[in-house]
Amino acid sequence: MALPAGVRYVVIGAGVHGLSTAYHLALALKAKGRGTGADVLVVDKAGIAAGASGIACGVIRNNYYQPAMRELMAHCVEVWERDPEAYSYHPVGYMQISPECMREQVGTIYEQQRAIGYESVLVEGAARSERYMKDIFDDWQAQGITSVLHEKRGGYANNTRSIYGLAAKAESEGVRILTGVRVTGFERGGNSGAVTGVVTDRGTIGCEQVVIGVGPWVKQIWDMLELPKTVTISGADGTLHDGIPMWVYWSLQEGTLGVDPDLQRTNAGAMPPVIHLDTDAPLHSDVDGSLITDQLWGIYYKPDFHFGGVQGGAMPYRIETPPDEVHVDPYGPESPDFIVGDQFAHMWCSALAHCQKRFMSQIGKYKKEPSGGIGCFTPDSFPVFDRFCENVYLIADSNHGYKMIGVGELVAKELLGEASRLLEPFRFSRYAEGRLHPTSNSPFPWS
Ligand SMILES: Cc1cc2nc3c(=O)[nH]c(=O)nc-3n(C[C@H](O)[C@H](O)[C@H](O)COP(=O)(O)OP(=O)(O)OC[C@H]3O[C@@H](n4cnc5c(N)ncnc54)[C@H](O)[C@@H]3O)c2cc1C
């Protein structure tokens, strides 16, 4: 396909956000009689699902301590539920299993889920939690658990399949998707500095509006737009914290135990909910019994035929290399720097065995193929959805985002002038204004 000289909307990135925005924008333009999908062009330097969306574990949950995140996720789950087949979505539910230090916060999540009509069950107390878990998996053996939040909606989806499903929907509405086109800069015009053209390695595309959904590459595009490298954050007490780096990278640790996914069926023979366990119980090696950690730790896992086993992950780690020097490419499993190693396999497989007897002595089946990938996080590890340079809409999900398939629908509405209440808490101005989201006790930067 030839590069068009101009188009109304250029969307950069063919991951979940770029494609969801393109698809929903096409629908909205048509519904309002203001255009069609032919007004929307998606460009990607590699291909569809070539970024984080194509390697994501695919977990879809509502479980967030921040009210604004929960409300937004409830909307996103509703979008997943609209077409489970096209999105390769498995609505098996999700369980947050926690120790005493998290019980109160998890209780808050449950109350607020009730308030927004998101179905879940809260079980409290050690004995009750154990009984609840054993009713699902008779080999459950994790100790020190005092609450279980069982979300009845959500679950997981198959990463590349769902993104291809979105691409097909967008194309069926007339959206063009051009792969192998790398954005290298922007032409800016007038006093406002609005973008008048997207510069690529195949020429410049004139445009009215730009949408950025480039996942872990967001810092590169941010720098091309000459946006600030640091921000000032107003703390809860009004103190200003200057010079906070806008972007920081974290490395996501995930892998697959190459057992038959059917091994993880429930007592009733059904496919189980996604399990997320956080605990302060000591974790011992399933190989030699040595202590791996006695600090708060967490894992998540689910049986997944797409990955060919029981797939999941553990806490990510912050990459200490200065953000300007981090190599995002080659990305994901191709990266020489950010794939998981033996240490992760040992910890994660031992953690699976900590949870359920059926995973004991299974570490030999861990798939030794490269896995994991990096994410680009904002200063508070929550998304920024906002307009910059007048006509550039940035979707920077701070690595929360595969599950956020519904964000594109809200962004499409904002592009057409309809402000979204759900996106409002994620504006860039929250840093300067001190409108920060509450932080949780979870060992994960994204809960
Ligand atoms: C290992 C891992 C597991 C994860 N698991 C989950 C999970 O279970 N649940 C969940 O909700 N989230 C998960 N995430 C986070 C989630 O994957 C991301 O937040 C989300 O996929 C980001 O989507 P995106 O559309 O913004 O970007 P991406 O999917 O990364 O797509 C960006 C696209 O932009 C293209 N691009 C980049 N730069 C340019 C350029 N200059 N010109 C043209 N194109 C460009 C890339 O080629 C890429 O295709 C996980 C992330 C990782 C790394």
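The values are calculated or read from the model by the stated rules, or taken from the named source; none is laboratory data. Quick caveat, the model's predicted, so the values are computed rather than measured. FYI the Cβ positions are ideal-geometry reconstructions off the backbone, even for glycines, and counts take in every protein chain you see. These area figures cover heavy atoms from the full protein model, side chains too; ligands, DNA and RNA do not enter into them. Shrake-Rupley method; radii C 1.70, N 1.55, O 1.52, S 1.80 Å.
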### Query
Roughly how many whole Å is it from the C-alpha centroid of the stretch 171-232 to that of the stretch 49-108?
29
### Message
Tell me which chymotrypsin sites (Phe, Trp or Tyr not before Pro) from the stretch 243-313 have a DSSP coil assignment and no more than 13 other beta carbons within 10 Å of their own.
### Response
Phe305
### Task
Report the Stokes-Einstein translational diffusion coefficient (µm² s⁻¹, integer) for the chain, Rh taken as the Kirkwood radius over Cα pairs, at 37 °C with viscosity 0.692 mPa s.
146
#### Entry: Relative contact order %, the stretch 89-157, counting alpha carbon pairs below 8 Å whose residues are six or more apart
57
### Task
Could you list the residues of the stretch 414-428 with an amide nitrogen less than 14 Å from a label point located 7 Å from the Cα of Ser192 in the Cα-to-C-beta direction?
415-417
### Query
Amide H to amide H under 5 Å from Thr256: which residues, 5+ apart in sequence or cross-chain, H placed 1.01 Å off N in plane?
Lys367
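Under a point-charge model restricted to the Cβ atoms of Lys and Arg (+1) and Asp and Glu (-1), what is the dipole moment magnitude of the stretch 116-164 relative to its Cα centre, in debye to the nearest 20? Mind showing how you got there, number by number?
Working: 6 positive and 7 negative charges, 39 e Å.
Approximately 180 debye in magnitude.
Could you compute the FRET efficiency for Ala31 and Glu111, with r as their C-beta to C-beta distance and R0 at 51 Å, rounded to 0.05? Working shown, then result.
On the way: r = 36 Å, r/R0 = 0.71.
It comes to 0.90.
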### Query
Taking the Cα centre of each part, how many Å lie between the stretch 1-36 and the stretch 345-359?
44
### At R0 = 30 Å, FRET efficiency that the Cβ-Cβ distance of Thr439 and Asp288 yields, to 0.05
0.25
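Please identify the longest segment of the chain free of exposed GluC sites (Glu not before Pro), where exposed means a DSSP state other than H, G, I, E or B and no more than 10 other Cβ atoms within 10 Å. Present the calculation step by step, with values, prior to reporting the outcome.
Details: sites that count: Glu85, Glu320.
Result for the longest clean stretch: 86-319.
Could you list the trypsin sites (Lys or Arg not before Pro) in the stretch 1-76 that lie in coil according to DSSP, counting only those with at most 16 other Cβ atoms within 10 Å of their Cβ?
Details: sites: Arg8, Lys30, Lys32, Arg34, Lys45, Arg61, Arg70; in loops: Lys32, Arg34, Lys45, Arg61.
The qualifying sites are Lys32, Arg34.
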### Message
Taking all protein chains in place and a 1.4 Å probe, what share, in percent, of the accessible surface of the stretch 29-126 do carbon and sulfur account for?
### Response
49
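Once the piece of chain linking Ile244 and Thr266 is laid out straight, how much longer is it, given 0.36 nm per residue of separation minus the C-alpha distance between them? Don't jump to the answer; show the numbers that get you there.
On the way: separation 22, 0.36 × 22 = 7.92 nm, distance 4.63 nm.
Stretched out fully, the Ile244 to Thr266 stretch lengthens by 3.3 nm.
How would you classify the stretch 374-420 from its alpha-carbon gyration tensor, with a ≥ b ≥ c the square roots of the eigenvalues: rounded for a/c under 1.5, else prolate if a/b is greater than b/c, otherwise oblate? It would help to have the intermediate numbers written out before the result.
Numbers: a/c = 2.62, a/b = 1.49, b/c = 1.76.
Oblate.
Would you mind getting the accessible area per residue of the chain, heavy atoms of the protein chains only, 1.4 Å probe, in Å²?
Numbers: 17140 Å² over 447 residues.
Per residue, the chain has 38 Å² of solvent-accessible surface.
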### Task
First compute the accessible area of the stretch 253-337 with a 1.4 Å probe, then give the percent of it belonging to carbon and sulfur atoms.
51
### Message
I need the calculated FRET efficiency for the pair Thr232 and Lys152, taking r as the beta carbon distance and R₀ as 60 Å, to the nearest 0.05.
### Response
0.90
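For the stretch 161-236, what does the alpha-carbon gyration tensor say about shape, rounded, prolate or oblate, given a ≥ b ≥ c as the root eigenvalues, a/c under 1.5 as rounded, and a/b over b/c as prolate?
Values: a/c = 2.16, a/b = 1.37, b/c = 1.58.
Oblate.
Just flag the trypsin sites (Lys or Arg not before Pro) in the stretch 173-203 sitting in loop per DSSP whose Cβ has no more than 11 other Cβ atoms within 10 Å. Spell out each step's value before the answer.
Details: sites: Arg176, Arg182, Arg188, Arg202; in loops: Arg182, Arg202.
Nothing satisfies the criteria.
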### Query
Based on DSSP H runs of at least 4 residues, each adding -39500 (n - 2.57), what is the mean residue ellipticity at 222 nm of the chain after dividing by all its residues, to the nearest 500 deg cm²/dmol?
-7500 deg cm²/dmol
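Which whole-number percent is the relative contact order of the stretch 346-436 (Cα, under 8 Å, 6+ apart)?
Working: 70 pairs, mean separation 18.1, N = 91.
For the stretch 346-436, the relative contact order is 20 percent.
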